[in-house]
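The values are calculated or read from the model by the stated rules, or taken from the named source; none is laboratory data. Everything numeric in this text was worked out from a predicted model, so none of it was measured. We place every Cβ from the backbone using ideal geometry, glycine too, and count neighbours over all the protein chains shown. Accessible surface areas use protein heavy atoms only, side chains included; no ligands, DNA or RNA. Shrake-Rupley method; radii C 1.70, N 1.55, O 1.52, S 1.80 Å.
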Number of protein chains: 2
Amino acid sequence: MNRIETFLPIVAWGKAYNRSVLTSDLVAAMIVTIMLIPQSLAYAMLAELPPEVGLYASILPLVAYAIFGTSRVLAVGPVAVVSLMTASVVGQVAAQGTADYLTAAIVLALLSGVILVLMGVFRLGFLANFLSRPVISGFITASGLLIAASQLKHIFGVPVKGDTLPEIAEGLLSQAGNANPITLVIGIGVVAFLFFARTRLKGLLNRTGLNSRLSDIITKASPILAVAATILIAGAFDLADHGVVLVGSIPRGLPVPGIPAFSLDLVATLAGPALLISAIGFVESVSVAQTLASKRRQRIVPDQELIGLGAANIASGISSGFPVTGGFARSVVNFDAGAETPAAGIFTAVGIAIATLFLTPLLANLPQATLAATIIVAVLSLVDFKAIGAVFGYSKADFAAMATTILITLFWGVEPGVLSGVLLSLALHLYRTSRPHMAVVGLVPGTEHFRNINRHKVVTDPPILSIRVDESLYFANSRYLEDRIAALVSDSPDIRHVVLMCPAVNDIDASALESLEEINHRLKDAGIAFHLSEVKGPVMDRLKKTDFLEKLTGKIFLSQYEAVTSLRTVPYTGAVMAPAMMAS
Amino acid sequence: MNRIETFLPIVAWGKAYNRSVLTSDLVAAMIVTIMLIPQSLAYAMLAELPPEVGLYASILPLVAYAIFGTSRVLAVGPVAVVSLMTASVVGQVAAQGTADYLTAAIVLALLSGVILVLMGVFRLGFLANFLSRPVISGFITASGLLIAASQLKHIFGVPVKGDTLPEIAEGLLSQAGNANPITLVIGIGVVAFLFFARTRLKGLLNRTGLNSRLSDIITKASPILAVAATILIAGAFDLADHGVVLVGSIPRGLPVPGIPAFSLDLVATLAGPALLISAIGFVESVSVAQTLASKRRQRIVPDQELIGLGAANIASGISSGFPVTGGFARSVVNFDAGAETPAAGIFTAVGIAIATLFLTPLLANLPQATLAATIIVAVLSLVDFKAIGAVFGYSKADFAAMATTILITLFWGVEPGVLSGVLLSLALHLYRTSRPHMAVVGLVPGTEHFRNINRHKVVTDPPILSIRVDESLYFANSRYLEDRIAALVSDSPDIRHVVLMCPAVNDIDASALESLEEINHRLKDAGIAFHLSEVKGPVMDRLKKTDFLEKLTGKIFLSQYEAVTSLRTVPYTGAVMAPAMMAS
C-alpha cells in the first residue's frame, strides 16, 4: 500500500471496483437502509433531538467513513449509547427543544470529530485501551438499562425528565396515573412483536420452507414492519386526537452544509464529554470492525479508523447531525447481506437521502411509542448480566471496576460512571503491580527446577536465600522489594547469599535500579552477598550501561541452578567477587 | 514479638534496657542536641515561623517517635524540605508573621500526623511508593536550590518575597542596592567557614593527631561554633544598631500542650498539601531508617513507621510545633555517635527542653544571616546533579519525569512540582506497559531455544507463527495484542497455527482474557488454530476457572519447543483439537 492508499483507503478498494462487487454492495445497502430509517428516527428521539437530525446523521457521515475508514463493512450512524451520552451532555448546557440544544449537539459532533482525527494523526489510539473491557461492558449494560428506562415515558405517553435511574423511576411513578391507554397498547404491542420477531420469527419462517437468508432479512426488517403498521393504524384511527404522541411533520429536503454560530465557552464545556464520547464510540466501533474483518482476513488499522470515524463526525456536524459511530447490529446486517466494500455505505447514504427527500411525509403519523419500543428491544440486548457473573468469577479487581461503573452510571450519570470505572481500574492495576508476587524458592529434588518453598517439597541451603519476583520492577514496587528482602534477611541470621531470580522481570526502571543498589549496599553492610539470576537480555543490556554490575557484591547467574550449585562451594568472604558474568 | 510490642516498639526495647545502653544513648543524645539547636532555629526561619517553634518541634515529637517508631536511631525534628513545603503551603492561607500563620502551621502538623497514623492503621504505606525515585530526587534537588535561593535574602539583609525561582531572583535583583554590608560579611563568612568545615576540617584535625571520631564530632559541631562566634560578635559590636537582623528575644519556657481554635475550611484547604508533605516526609524518613537499620541487621516496619511519624507530628501540633520528619544528617550523627535505642531521642528532647528553658536568652544576638548560612550549606548537599545525569543515561522516561519535577518545582512551586512528576511517571509507566515488547520468534538451530527472528539466525516453519509477549496482559495492552496478531496474520496467508509464548506473562486480567477469546474466535474464522505455550502456574489456575480452554482451538504447551515439534506433524484441520493440556 502506498501513502495515499494508507490515508485514503477508498483509493485502494476503488481501483478494484467492478460490476459484481457493485451488485453485492447495492443489495446490502438496500437492506441496511430499511433498517436504518427507523433507527435514525429512534436514536434522534433518544438524544432528545428532532427526528430529521437522525436522518441527517445517516447520510454524509456514511460517505465520509467510506472515504477514510479501513473497515470494508462497518456501518456508521447514530447508535444507542452515544445518543444517550449526547442527551446527557447536551441536556446540561441547553434546554431540550431549543435551538441552543441542537447547536450544542452539532458542536459535540464536530468536537468529537476533531478529537478523533487528531488522535488518529498523532497515533493516540492506544489511549482508548485504558477503557478496560469490564468497564466498557459494565457501562454498556448500565446504559442499556438507563436507555430502556428513559424510553418508558414514550410507552406510557407521559412527560418525564431525568438522567439517572432514581430520577426516571420517580418521574414515572408520579406520572403513572396520567398514562395514555392507547399509547400503552401500541408501545407494549410493538415491544411484544419485536421480542417475538427476535426470538421466534426466524425459526417459524424457516419451518415454512423459506430459505434461511430471506427469513433472516425479514426478521431484521421487523422494526420497519412495526413502523409501517403503527403508521397505518395511527392514520386510520386519528390517534393523535386521542392523545397519542406522533412524530409529526418532518421537514423534507437535505441539510444545507454549514456550521451554526457557537461560543468558545460551549467548546470548553463540551470538550471533556466529547473526548469521552469519542473514546467509547471508537472502542465499540473498532471492536465490531475488527471482528468482522477477521472473518475475511481483512485488516483494520486502528489509527486510521480514528480518522475515518472523526471524518464521519465532522461530516455529521456540518450537516446538522449529532455524534455517530459504527453500530454493531447494523454492521453485522451489512456484512451478512454481502457488502464487499465501503461503497455499500455510500449507497446506504443515498438511500437515506432519498427517504429524507420523499418518504418523510409518510412518517408524520408514526407514534413515538413505536420508536421507543424499537429502542427498548434493541438496547436490552446490550444488557449482559452473564458477563458480570463471568467477570466476578475471574477477577475481583475487574469486578470491582465493573460494579462501580454500573452503579455510578445508573445512580449518578454516564460521565461519572465511565470516569470512575477508568480511574478505579487504573488504581487497582497499579495496586496489584505495586505488591508483586514474590516467593522464596528451593530446589525440587532430582531436578534443576526451583519452586515456592510454601507450595512444594523443596531443598534449601540455609546460607542461601533464593527469591523469585514475578513482576517487572518499577517505582511502585521497588521499595516493597527492599522491605521484603530486609524482613527476610533480618529473620534469618544464617544467610550469607541472597539470589534474586528475575525470569519474569521485563523491565527495571531507574527507581528499581536504585532499590537494587540499596539492597546490595545494605546486604553488604550486613555481610551478605547479593546475586541475580536469569536476567533477561534487554534488562541486562541496560544494567550494563550503569555501574551496578561493578558494585554488585555477587554475580549474575544464567540460571538459578547454576547460582545455587556455584554458591554452595563458595562461602562469601565479604569481599567483592570476580567480575560479574554476562547473561545472554 | 507480641501484639503490644508491634504497636508500641518501646515495650520491646525498653525491657532490655541497661546501664551500658544508657551510656551510649546519653553520649549520642548530647551530640545530636548540640547539632539540633541551630537546625531547629534555622528550619523555623525557613518555614517563616518564630524561632521558638523550631525548638518546640524538637521536643515532644522526639518522645512520641521513641514510643511508636521502629527505627532505633532515626532522629526526627524539623527538616529542610518539609519546612520549605510548610512555608509554601501556609503562605497561601495566611500572612507571614500573623497568629493565623502559626495556627495554619500547627494545623498542618496535626493533619499530617492524623493522615500518617491513618495510613499506618490502614496499611496504606504503599501509596508513598508512587513517588518514584527520579521524582523524589528531582524534587529534592529543586527544593535544595529553591531553599538556598530563598535564604539569600537573609545573607543580603533585604526583604524578599516569593515561592519560585523567578520571583526570588527578581526580588533579590530589585533589592540588591539595599544590601547590608555587615550582614553580607557575616553571611558569606559563615558560608565559607561551614564549607571549609565540611570539606577540609576533618582532614586537618586528623593530621594534627586527633582521633577520627573526635575530629568527626568537632566537624559536625561546626554550625554551633559559627552560631556562638557570631552571637559574640553581634553582641560585642552592637550589630543590631548597624542594621544586622538578629533572632531577637525568644520566649523562655516550654510550650503549653493544646490546640489552637481553627476552622473546618482551613482543614479542607490544608488536607491536600498535608497529604503531600506526609508522603514526602515519610519516603525520606523511611529510606534513612532502612539504610541505618540494615547496618545492624535491624528491621523497619514501614506501616508502623507511619504511626511513629504520625505520632511525632501530632505531638508537634499539640506543642505549638510544625511538621517534622526523620532527618538524614541528624540520624547519621545519632548512629555514628553510638545511639542504641530510641531512648537517645528522648534524651535529646530533654536536652532541647533544657536549652529552651535556659539558653534562649543567649540566642537573642544570633544574626539571621548565620542561620541562613547554615541552611544554605546544608541544603546544597541535597542538590544532586550527578543523579540527573545518571537517570538520563539509564532511562529517558524516568528522566522526563525528573526534569518535569525539577522545572515545575523551580518555576511554579513545590506542590505542582511533585504532583506533575507523580502523574507523568504514572502515565509513562502505563504507556510503556500498554505497548509491550513482542517478538516473532524462531528456533535457534541445534537448540530448543526460541529467539527474536529479527535479531538472531533462527529457523521458522511458514504455517506456524510463534509470538512471544514480554509483559503481563491487562486492559491497557490487550487490544494492542489483538491488533498485532491480526496484522501479522493478514500479512501471511500461509499461517495455520499461531502460538503465543507466555513465559513473561505474570497476569491475564478480564480484558486480556476477552482479547484472547477474541483472538481465538477470529483466528478460528480464518481457519487458524490458536495455541499458548509456557503459561505460568498461577495464570493457568485462573484460566482453568473459565471456559477459555474448552473454546481454544489449539493446545496449551509446556514449552515452545514442544509446541513447534508437535504442530509440525499435525496440520490444522479446522476442528477443535483434543482437550487442552495442563501446564504446570
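Structure data summary
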{"quantity": "Packing rank of A:205-218, A:419-432, A:518-531, A:187-200, where each peptide gets the mean count of other beta carbons within 10 Å, highest leading", "calculated": "A:518-531, A:419-432, A:187-200, A:205-218"}
{"quantity": "Normalised contact order of the range B:268-379, rounded percent, pairs of Cα under 8 Å and 6 or more residues apart", "calculated": "22"}
{"quantity": "Residue (of A:LEU276, A:MET540, A:PHE126) at the positive-pole extreme of the protein assembly as shown, dipole from beta-carbon charges", "calculated": "A:MET540"}
{"quantity": "Where only alpha carbons of the range A:354-394 are counted, the Rg and the Dmax (Å)", "calculated": "18.1, 53"}
{"quantity": "Set A:LYS551/B:LYS220; A:LYS457/B:LYS544; A:LYS457/A:LYS524; A:LYS396/B:LYS544; A:LYS551/B:LYS202; B:LYS524/B:LYS555 screened for pairs whose C-alpha atoms are more than 22 Å apart", "calculated": "A:LYS551/B:LYS220; A:LYS457/B:LYS544; A:LYS457/A:LYS524; A:LYS551/B:LYS202"}
{"quantity": "Nearest-ten-degree value, helix A:222-236 long axis tilted from longest Cα axis of chain A", "calculated": "30"}
{"quantity": "Between 0 and 90°, nearest 10: helix B:19-46 axis offset from chain B longest Cα axis", "calculated": "80"}
{"quantity": "Karplus-derived 3J(HN,Hα), 6.51/-1.76/1.60, for each residue of the range B:203-211, Hz, glycine and proline x", "calculated": "x, 4, 4, 4, 5, 6, x, 5, 6"}
{"quantity": "Gyration tensor verdict on the range A:6-134 (Cα atoms; rounded if a/c is under 1.5, prolate if a/b is larger than b/c, oblate otherwise)", "calculated": "oblate"}
{"quantity": "Under-5 Å amide H pairs with A:ASP384, H placed in peptide plane, nonlocal only", "calculated": "A:THR141"}
{"quantity": "Per-residue HN-Hα couplings for the range B:464-475 [Karplus 6.51, -1.76, 1.60; θ = phi - 60°; Hz; x = Gly/Pro]", "calculated": "10, 9, 9, 10, 10, 10, 9, 6, 4, 9, 8, 3"}
{"quantity": "Peptide B:473-482, shielding by other chains (average Cβ, 10 Å cutoff)", "calculated": "6"}
{"quantity": "Formal net charge of residues neighbouring A:GLU534 (Cβ-Cβ distance under 10 Å; K, R +1; D, E -1)", "calculated": "+1"}
{"quantity": "Percent antiparallel among DSSP beta bridges (both partners in the protein assembly as shown, rounded to 5)", "calculated": "45"}
{"quantity": "Protection proxy ranking, peptides A:105-116, B:296-307, A:298-309, average beta carbon neighbours within 10 Å, highest first", "calculated": "A:105-116, A:298-309, B:296-307"}
{"quantity": "Calculated [θ] (222 nm, deg cm²/dmol) that DSSP helices of n ≥ 4 give over chain A, each run adding -39,500 (n - 2.57)", "calculated": "-20000 deg cm²/dmol"}
{"quantity": "For A:GLY442, net neighbour charge (Lys/Arg +1, Asp/Glu -1) across residues whose Cβ lies under 12 Å away", "calculated": "+3"}
{"quantity": "Cut-off 11 Å between beta-carbons: net charge of the residues surrounding A:TRP412, Lys and Arg +1, Asp and Glu -1", "calculated": "-3"}
{"quantity": "Acute angle (nearest 10 degrees) that the helix B:302-318 long axis makes with the longest principal axis of chain B, alpha-carbon atoms", "calculated": "30"}
{"quantity": "Shielding of A:294-306 by partner chains, average beta-carbon count, 10 Å", "calculated": "4"}
{"quantity": "Largest to smallest accessible area among B:THR404, A:THR553 [probe 1.4 Å]", "calculated": "B:THR404, A:THR553"}
{"quantity": "Pairwise FRET efficiency - A:LEU225 versus B:LEU423, Cβ, R0 = 60 Å, nearest 0.05", "calculated": "0.65"}
{"quantity": "Amide H contacts under 5 Å for B:SER466, placed H, 5+ residues apart", "calculated": "B:VAL441, B:VAL499"}
{"quantity": "Shielding by partners, peptide B:389-402 (average Cβ within 10 angstrom, other chains)", "calculated": "4"}
{"quantity": "Cα gyration tensor category, rounded, prolate or oblate, for the range B:387-434 with a/c compared to 1.5", "calculated": "oblate"}
{"quantity": "Electrostatic dipole magnitude of the range A:438-568 [Cβ: Lys, Arg +1; Asp, Glu -1; Cα centre; debye, to 20]", "calculated": "320"}
{"quantity": "Computed over chain B: relative contact order in percent, which uses C-alpha pairs under 8 Å that are six or more apart", "calculated": "22"}
{"quantity": "Dipole magnitude of the protein assembly as shown about its Cα centre (Cβ charges: Lys, Arg +1; Asp, Glu -1), debye to nearest 20", "calculated": "2560"}
{"quantity": "Chain A, Cα convex hull volume normalised per residue, Å³", "calculated": "210"}
{"quantity": "Global geometry of the range A:231-357, whether rounded, prolate or oblate, following the gyration tensor of its Cα atoms and the 1.5 cut on a/c", "calculated": "oblate"}
{"quantity": "For peptides B:461-467, A:169-175, sequence by mean Cβ density within 10 Å, most packed first", "calculated": "B:461-467, A:169-175"}
{"quantity": "Straight-distance crosslink candidates among aspartates and glutamates, where the alpha carbon sits under 15 Å from B:LYS536 and sequence neighbours closer than 8 are dropped", "calculated": "A:ASP470, A:GLU471, B:ASP470, B:GLU471, B:ASP507, B:ASP509"}
{"quantity": "Cα-centred dipole magnitude for chain A, charges only on beta-carbon of K, R (+1) and D, E (-1), debye, nearest 20", "calculated": "1560"}
{"quantity": "From phi via Karplus (6.51, -1.76, 1.60), per-residue ³J(HN,Hα) for the range B:191-196 in Hz, x at Gly/Pro", "calculated": "4, 4, 4, 5, 5, 4"}
